[in-house]
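These notes concern the structure reproduced below.
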2 protein chains.
Amino acid sequence: MQKPKTLTKLGRPRAFDVDEALDRALEVFWSNGYEGASLSDLTDAMGITRPSLYAAFGNKEELFRKALDRYGERASSVLATLEMTSARDAIEAFLTQSVGGQCDQERSRGCLLVQGALSCSEESEHVRRELASRRRLIEQSIRQRLIRAESEGDLPPNSNPADLARYIATISQGLSVQAAGGASHKDLLNVIKVAMGFWPITSH
Amino acid sequence: MQKPKTLTKLGRPRAFDVDEALDRALEVFWSNGYEGASLSDLTDAMGITRPSLYAAFGNKEELFRKALDRYGERASSVLATLEMTSARDAIEAFLTQSVGGQCDQERSRGCLLVQGALSCSEESEHVRRELASRRRLIEQSIRQRLIRAESEGDLPPNSNPADLARYIATISQGLSVQAAGGASHKDLLNVIKVAMGFWPITSH
DNA sequence: GTCGTTCCATACCGACCGGTATATATATAT
DNA sequence: ATATATATATACCGGTCGGTATGGAACGAC
């Protein structure tokens, strides 16, 4: 059993920045979805060749998964808003931040977890399920926040945290569809305003 | 200028039912989306050969558009619910019927207008826009119903029909994403219950 | 230098994509 | 029967898909 030694800086150095290439790939996946993004689209945007992509990221599916992870890092600040003191503020901020992330500059693009592969060919079923699973994780975070709120007396009486969480997730995902359909940032904020109407208690 | 005569029943008769074949195609598009449905998937499900498909329906995009039209006919009863006397009942029935159409038997599949091509390669941009356009038509129907309600005093004060309509459409589209992610019929109905909470006036 | 290792560039792989040419089968019209 | 018109069956088209074999280029180790 021999040590792996310093096999870090051996051979010809990589001529591109992996993180930057991943960011570019994320953009393509975000715009075109998993199946809609061809390897040629990806390598063109990343500025690297096909073998470089496979050496650095494995294959298309692994690249997508890494792009999803990166997307999750970027969006972590959105989930962080759930930690606000009032549950109502937390939910409203979550939705607002979520919409903010879906509207880059002038173009509305929606959420990658929704745009990525809502429906697809059977070959990509695996990716589709992965996305659904990640969406479910977000819904769970919301649910846990609302369960906490319930225990703190910070929820309207007779509330069902599970149903409320699914409702919030549904709004968020619907906003993604709206964004993909061309709705403006302001439009989406107005939807949030209406959506928060279920909350009978105003906390300020 | 000669009459076209009776060129209806000439030549070898078609060996399949066009309507039934279109229904089968609709199923495939619904499950896999526009790009995710290959011609082989389609012809296999339709039970016809490729040239027969092209002779009867034009090409893949035209077939999809005809499937959309057929889908619209089926879903026309959903839009019809908007004509109920009370606006609140109309909206609630619309959402409930909508969910009913998205859950066939045990499998939840969402709305074709959302699943069809939320994101895609650049070649199918045309189809994507078509779907967004059809979604917008539905939202307009809702808006007009709410505008009518406003004029009838059947809306809460300070309501904004446009924002409310977009909100309803957002819920409906979010439900489609939820359905695609595996939510059950009952789950979706519970979401609707929460979603109607914005409506401060109960009409019975 | 030479070696070992890693990366890049090119060209290529089989499979499948949407779409079609060709030939044959089956109907009506006369 | 013959001609005409339409549908079907088969086999095929160029192009693109995701993925890779191959050979040379650029580094550290020695």
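The values are calculated or read from the model by the stated rules, or taken from the named source; none is laboratory data. Computed from a predicted model, the values in this text were never measured in an experiment. Counting neighbours? That spans all protein chains shown, and the Cβs are built from the backbone with ideal geometry, glycine included.
Look at the stretch A:29-40: where a residue is more than 7 Å from chain B (Cβ to nearest Cβ) and a partner is assigned to a helix (DSSP H, G or I) and of a type outside the set (A, V, I, L, M), sitting 6+ places away or on another chain with Cβ atoms under 7 Å, you get A:Phe29/A:Phe64; A:Trp30/A:Gln115; A:Tyr34/A:Phe64; A:Tyr34/A:Ser124; A:Ala37/A:Phe29; A:Leu39/A:Arg50; A:Leu39/A:Lys60.
Restricting attention to the stretch B:150-194 and to residues that are more than 8 Å from every other protein chain (Cβ to nearest Cβ), part of a helix (DSSP H, G or I) and without any contact (Cβ under 8 Å) to a residue 12 or more places away in the chain, the residue that is nearest to A:Gly174 (Cα to Cα) turns out to be B:Lys186.
Residue-wise test of (1) surrounded by 20 or more Cβ atoms within 10 Å (Cβ to Cβ); (2) at pLDDT below 95; (3) away from DNA strand C (no atom under 15 Å from the Cβ).
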residue	(1), (2), (3)
A:Gly11	no, yes, no
A:Asp19	no, no, no
A:Leu22	no, no, no
A:Gly36	yes, no, no
A:Leu39	no, no, no
A:Ala45	no, no, no
A:Lys66	no, no, yes
A:Gly72	no, no, yes
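The single condition among (1) more than 14 Å from chain A (Cβ to nearest Cβ); (2) within 21 Å of the chain's Cα centre (by Cα) that B:Phe64 does not satisfy is (1).
Is it fair to say B:Arg143 is part of a helix (DSSP H, G or I), under 23 Å from A:Met196 (Cβ atoms) and at pLDDT 95 or above? Steps first, answer last, please.
Details: part of a helix (DSSP H, G or I): yes; under 23 Å from A:Met196 (Cβ atoms): yes; at pLDDT 95 or above: yes.
Judged against the criteria, B:Arg143 is a match.
Kindly provide the set of residues from the stretch A:80-111 that are over 24 Å from A:Ser151 (Cβ atoms) and β-branched (Val, Ile, Thr), ordered by number. Listed by number, the residues that qualify are A:Thr96, A:Val99.
Answer yes or no: is there a residue in the stretch B:18-38 that is within 16 Å of DNA strand D (Cβ to nearest atom), farther than 27 Å from A:Ser124 by Cβ and of a type in the set (Asp, Glu). Within the stretch B:18-38, one or more residues are within 16 Å of DNA strand D (Cβ to nearest atom), farther than 27 Å from A:Ser124 by Cβ and of a type in the set (Asp, Glu).
Would you point out which residue out of B:Leu63, B:Leu53, B:Leu79 is of a type in the set (A, V, I, L, M, F, W, C) and closer than 21 Å to A:Gly181 by Cα? Can you show your working first?
Working: B:Leu63 fails: closer than 21 Å to A:Gly181 by Cα; B:Leu53 fails: closer than 21 Å to A:Gly181 by Cα.
Just one listed residue meets the conditions, B:Leu79.
Looking for something free of Cβ contacts under 8 Å to residues at least 60 places away in the same chain, within 11 Å of chain A (Cβ to nearest Cβ), assigned to a helix (DSSP H, G or I) and of a type outside the set (Gly, Ala, Ser) - is there at least one such residue anywhere in the stretch B:102-112? Among the residues of the stretch B:102-112, not one is free of Cβ contacts under 8 Å to residues at least 60 places away in the same chain, within 11 Å of chain A (Cβ to nearest Cβ), assigned to a helix (DSSP H, G or I) and of a type outside the set (Gly, Ala, Ser), which makes the answer no.
In the stretch B:70-101, the residue that is nearest to the other protein chains (Cβ to nearest Cβ) out of those that are of a type in the set (A, V, I, L, M) and free of Cβ contacts under 8 Å to residues at least 12 places away in the same chain is B:Met84. Does the stretch B:2-9 contain any residue that is of a type in the set (Lys, Arg), over 23 Å from B:Cys120 (Cα atoms), within 11 Å of DNA strand D (Cβ to nearest atom) and modelled with pLDDT of 95 or more? No; the residues of the stretch B:2-9 include none that is of a type in the set (Lys, Arg), over 23 Å from B:Cys120 (Cα atoms), within 11 Å of DNA strand D (Cβ to nearest atom) and modelled with pLDDT of 95 or more.
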